[in-house]
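S.K.: Attaching a single structure in structure tokens format; questions to follow.
Only the coordinates and a few stated rules stand behind these numbers; no lab work does. Note that this is a predicted model, so its numbers are computed, not measured. FYI the Cβ positions are ideal-geometry reconstructions off the backbone, even for glycines, and counts take in every protein chain you see.
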Amino acid sequence: MDAQTPAIEFRNVSVSFDEHQVLNDISFKLEHGEMILLTGVSGSGKSVLLRVAMGLLKPDSGRIFIEGKEIQKLDETELIAMRGGLMGMVFQEDSLFTGLPVYENAAYRLEEHGWSDEEIEGAVAEVLRFVGLDGEEDKFPEELSGGMKRRLEIARALIGWPRIMLFDEPTMSLDPIAALKVLDLIVRARDMNHISSLYVTKKIHEFDHLASPKTKVMVLLDGSVVFRGSVDEFKASDLPAIKELVTLDPYDHRRDPYFSDPWDKHRLPKETIL
Ligand SMILES: Nc1ncnc2c1ncn2[C@@H]1O[C@H](COP(=O)(O)OP(=O)(O)OP(=O)(O)O)[C@@H](O)[C@H]1O
Ligand SMILES: [Mg+2]
């Protein structure tokens, strides 16, 4: 893979359910190492776009390329291999296996893709330490708090360090502190491993935490891209669709307990989950 090839490219992608057009002629590129913050009101098509990118849903028309490979041309085995090795997704809804302990939930994706037990053990230990769930290997999801469950979902998606990550509102149901821990993890994973990512959120205040020189914003409205630009251009925009999103998220982040820099050297070792 060369750094010039976009991680994801959509060319004129459309999706309809019955008569209802949900994605309408979407074209964009997620460049290598870039993060696109994808936002838009409920029902605008964000989750459908992620499912299409992951090859979980076939578009009615248009073409999708993952690291230069057209996914419609892959057979089911190649698609599964692509999802297993190259891409990780954190779903909007809970997707943990309730009957399996933390260890098995984290290991699942690698087990499906033929890693040896020894490799899996190492990878699980690393990823659980990364999300602060080391020592919890034998617990079942029902024994975890909401924030811990979300961190396990992130561990499950990050295991094996895929180069492309898709996050669908990963902080949606969390209280502000648990949400900030999750954002912190996402920023660290992204920056340590140069992950290319699509991050869906309706919480506009998260943009400040996630912004980096390689962060862009894309806004969907009724299945169409109505804005694409930098975080600063987004904030300065007076597009009605953007104004509406900002009004829907009245969160005052001046009261945020967050450490503004996830890489701050002054953070105490055990102060957070890491
Ligand atoms: N499997 C499906 N069958 C029929 N309609 C669907 C299906 N999946 C999504 N839709 C419709 O597609 C539209 C976009 O849905 P989507 O889940 O992408 O919205 P969203 O932007 O992620 O919203 P939210 O912010 O609430 O998560 C909605 O009108 C939804 O009802
Ligand atoms: Mg959604």
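S.K.: Averaging sequence separations of C-alpha pairs under 8 Å and six or more residues apart, then dividing by the length of segment 25-180, give the relative contact order as a whole percent.
M.R.: Once divided by the residue count of segment 25-180, the mean separation gives 26 percent.
S.K.: Using the Cα atoms as the points, what is the convex hull volume per residue of segment 87-161 in Å³?
M.R.: 83
S.K.: Pairs Lys139/Lys181; Lys29/Lys214; Lys181/Lys203; Lys29/Lys69; Lys149/Lys181; Lys203/Lys243: which are spaced more than 18 Å apart, C-alpha to C-alpha?
M.R.: Lys139/Lys181
S.K.: Next question, about the same structure. Divide, for segment 65-214, the radius of gyration over alpha carbons by 2.2 N^0.38 Å, where N is the residue count. It would help to have the intermediate numbers written out before the result.
M.R.: Numbers: Rg = 15.2 Å, N = 150, 2.2 N^0.38 = 14.8 Å.
Its radius of gyration relative to the 2.2 N^0.38 Å reference: 1.03.
S.K.: Label 7 Å along Cα→Cβ of Glu142; segment 83-116 residues with amide nitrogen under 20 Å?
M.R.: 94-106
S.K.: Relative contact order, percent, of segment 87-161 when contacts are C-alpha pairs under 8 Å separated by at least 6 residues?
M.R.: Reported relative contact order: 48 percent.
S.K.: Give me the one-decimal nm value for the distance between modelled label points at Asp117 and Met172, 7 Å along each residue's Cα-to-Cβ direction.
M.R.: 3.8
S.K.: Would you mind telling me the antiparallel percentage of the DSSP bridges in the chain, rounded to 5?
M.R.: 50
S.K.: Here's a follow-up. Suppose a student asked you for the relative contact order of the chain, using Cα pairs under 8 Å spaced at least 6 residues apart; what percent would you report? Provide the component values of the computation, followed by the final result.
M.R.: Values: 450 pairs, mean separation 66.3, N = 274.
Once normalised by length, the contact order is 24 percent.
S.K.: Roughly what would the spin-label model give for Glu19 and Lys214, points 7 Å off Cα along C-beta, in nm?
M.R.: 4.6
S.K.: Here's another thing I want to ask about it. Can you pull the three principal axis extents for the Cα set of the chain, in Å, largest first?
M.R.: If we take the Cα atoms of the chain, the spans are 49, 47, 36 Å.
S.K.: May I pose another question? Once the Cβ-Cβ distance between Glu93 and Gln4 is put in as r, and R0 is 41 Å, what FRET efficiency do you end up with, to the nearest 0.05?
M.R.: The value I calculate is 0.70.
S.K.: On to the next question. Select from segment 116-204 those GluC sites (Glu not before Pro) which occupy a DSSP coil region and have at most 16 other Cβ atoms within 10 Å, ordered by residue number.
M.R.: Glu137
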